[in-house]
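The values are calculated or read from the model by the stated rules, or taken from the named source; none is laboratory data. Note that the structure is a prediction, hence the values are computed from the model and not measured. Glycine also receives a Cβ, built like all others from the backbone with ideal geometry; neighbour counts cover every protein chain displayed. Side chains are part of the model used for accessible areas, which takes the heavy atoms of the whole protein and leaves out ligands, DNA and RNA. Shrake-Rupley method; radii C 1.70, N 1.55, O 1.52, S 1.80 Å.
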Amino acid sequence: MEAYEEIVTAHAPALLRLAVMLTGQRQDAEDLLQSTLLKAERHRGRLVDMGAPGAYLRRVMVNEHLSLGRTRLRRVATVSAERVPEPAAEDVTGVLDQRDEMWRRLATVPRQQRAVLVLRYYEDLPDAEIARVLGVSEGTVRSNAFRGLAALRAQLSSPESLPPR
Amino acid sequence: MNAPTFEPVSGMDDDQLIALLRDTFASREDLADVYTAHRIALTPTPPPRRRGQFWLTAGAVAAAVAVVAGVGVAVLPSYGPSDSSAGAGLSHLPLAAPTGSTVMMGPAAGPVGLVPGPSVLHVPYPTQREIDAASQAEVAALSAETARFLTKRLHGRAVPAGQTPGALHGMSAVPATGTKQRTGYWAVPGSLTEVAAYLKQHHPGGTSATNGWGAGSGSDTPENYTFEYDAPATDAYALAQVGVVAMQSGSTTYLRTDSYLAERWARSAQTVVAAPVAQVEVRLTVGVGGKPVTETVTDDATIAKLVSAVNALPGSLRIGQVWGCVAQSSHLSLTFTLGSGGTVVADELIGCGPGTVSVTDDGNAVTPELDGTGFEAKIDRLVPQVAPQR
């Protein structure tokens, strides 16, 4: 087996998990993984020679995700927190726990802020590495993290969004 | 997983909010299926579509009964993504891609059988190269998932073998020989009891729950635990496992992990039963000197299913195995009389080892042998006249 296939196969599960955290949807995550690997495939020679191909693939994925977001923003209106549809099944059973609520509200956080939260609190990357992945300064990373958390806290604190007791 | 107890969000401090966020991310990992990831990773880059062109997926090809050139009939095995019974393993990968892995047979010999005229049989079996590639990918993926499991869940770190207890080096929870294997050594904080308790309840991604564990110790070997986790078998390999051996030294528990799989032989064109088939004789002989029970099948539908049953078998394991039970064993033989007048015999040794099916073509043994798992039960259902005698 060629080294390239071995590398992408080994990293694919972790990349798909990252894609789920970035997009919030299984289908979108699979599409994102596919487009990431299509991009990476164009540089397969370089990838094989890299010391940390996983970091490279992660960077490609995050930037692909943000780039897709920019493309779609021109065509699709953003969804405000108030208009996020409630999952029907959860409405009926009333069993939303705080994780469900958090996951739902994450969908309303701007992409770059969400990407920072994912890289910081899911991938456990230091801010310097997040800055490299996103191509921004560490200060921007910190402000994005702060705003993302603040937005989540504001949404989750409103009484109507709290899970039923 | 039960939801952890959190304070109301309005009363959370930053650490609590971040803990909830981390827990939320972890709770959604299940949305990312490891086999879907493998399938996407190994799916070849699609060529640009052209107007009016459509693709057949490997699954559609495998599921199809192809009529080629309007005159030939091929009964194809259910390899590939369309085979829902194949589990979630790498059999869902494009092993059966129509290009490069197609065994082309024919044209079939002329004399009139059930279907006259020339035919070409396209059988989407994986080639040995594809099997090797899929096996290599799977062992790498299993190894990576195991590494992630140990680092993320148990806060382990990879260490050189030389920094682990010597007794660990000679221990493996999986067979010592195999065609694909990756070994790693890990240091995990905590006692052996704590680590073992966790390993009993959890398993690396891509594997099923713990299928076996054991504890041991001896004069040369400190107290240790072994664990085995299974990954699904596929058309490329029959056995995929992660084995873990845990042993404590000081306040650290050291682990040896072996990601292992045993790949199959690729099927050859010679082992494929090609249509047209005029009849099939199903014969069961129980034990040595037992009186054979025979049933001759002539209806087209059952013949097609018997042909498919043989053609659907994957190749046997490449690991050489010697079984000492031949003399006491029973045989299930299917003799296919072809339209050309030749015969193909698929013979399974029952009750001895893994149920390997050997194939002879006009009396000449052909390779490889086939994996007969489930074969006998399938024939029982198709030809129940023979089954009750067993």
Helices (runs of 4 or more DSSP H) completely within region B:102-214 that count 2 or more residues being open to solvent by less than 40 Å² (accessible area, probe 1.4 Å), modelled with pLDDT of 80 or more and within 21 Å of B:Ala26 (Cβ to Cβ): B:128-148, B:192-201
Test: residue in region B:330-338 that is open to solvent by less than 40 Å² (accessible area, probe 1.4 Å) and at pLDDT below 85: yes
Residue in region A:92-103 that is open to solvent by less than 30 Å² (accessible area, probe 1.4 Å), at pLDDT 90 or above and not hydrophobic (A, V, I, L, M, F, W, C) present: no
Single condition B:Ala301 does not satisfy, out of (1) more than 21 Å from B:Thr146 (Cβ to Cβ); (2) in contact (Cβ under 8 Å) with a residue 60 or more places away in the chain: (2)
Counted residues, region B:122-166 - those being away from every other protein chain (no Cβ under 12 Å) and not polar (S, T, N, Q): 17
Meets criteria (at pLDDT 85 or above and either more than 28 Å from B:Ser135 (Cβ to Cβ) or open to solvent by 40 Å² or more (accessible area, probe 1.4 Å) (or both)) for B:Gly243: no
Residue that is nearest to A:Leu149 (Cα to Cα) [pool: residues in region A:111-133 that are of a type in the set (Asp, Glu) and assigned to a helix (DSSP H, G or I)]: A:Asp127
Members of region B:1-53 that are under 26 Å from A:Leu156 (Cα atoms), modelled with pLDDT under 80 and facing chain A (nearest Cβ under 7 Å): B:Ala3, B:Phe6, B:Pro8, B:Val9, B:Ser10
Count of residues meeting criterion [surrounded by fewer than 24 Cβ atoms within 10 Å (Cβ to Cβ) and at negative phi] in region B:248-269: 9
Every residue from region B:274-297 that is in contact with a Lys or Arg (Cβ under 8 Å, 6 or more places away or on another chain) and surrounded by 21 or more Cβ atoms within 10 Å (Cβ to Cβ): B:Leu284
Subset of region A:20-41 [open to solvent by less than 60 Å² (accessible area, probe 1.4 Å) and either at the interface with another protein chain (Cβ under 7 Å from one of its Cβ atoms) or in contact with a Phe, Trp or Tyr (Cβ under 6 Å, 6 or more places away or on another chain) (or both)]: A:Val20, A:Met21, A:Ala29, A:Glu30, A:Leu33, A:Leu37, A:Glu41
Matching option when the condition is farther than 20 Å from A:Ile130 by Cα, open to solvent by less than 30 Å² (accessible area, probe 1.4 Å) and modelled with pLDDT under 85, among A:Ala3, A:Ala81, A:Ala77: A:Ala81
Residues (crowded, with 23+ Cβ neighbours inside 10 Å and more than 16 Å from B:Ala137 (Cβ to Cβ)) located in region B:228-240: B:Tyr229
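Per-residue answers, yes or no, for (1) over 30 Å from B:Pro160 (Cα atoms); (2) in contact with a Cys (Cβ under 9 Å, 6 or more places away or on another chain); (3) in a strand (DSSP E or B):
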{"residue": "B:Pro222", "(1), (2), (3)": "no, no, no"}
{"residue": "B:Glu228", "(1), (2), (3)": "no, no, yes"}
{"residue": "B:Asp235", "(1), (2), (3)": "yes, no, no"}
{"residue": "B:Ala266", "(1), (2), (3)": "yes, no, no"}
{"residue": "B:Arg283", "(1), (2), (3)": "yes, no, yes"}
{"residue": "B:Glu295", "(1), (2), (3)": "yes, no, yes"}
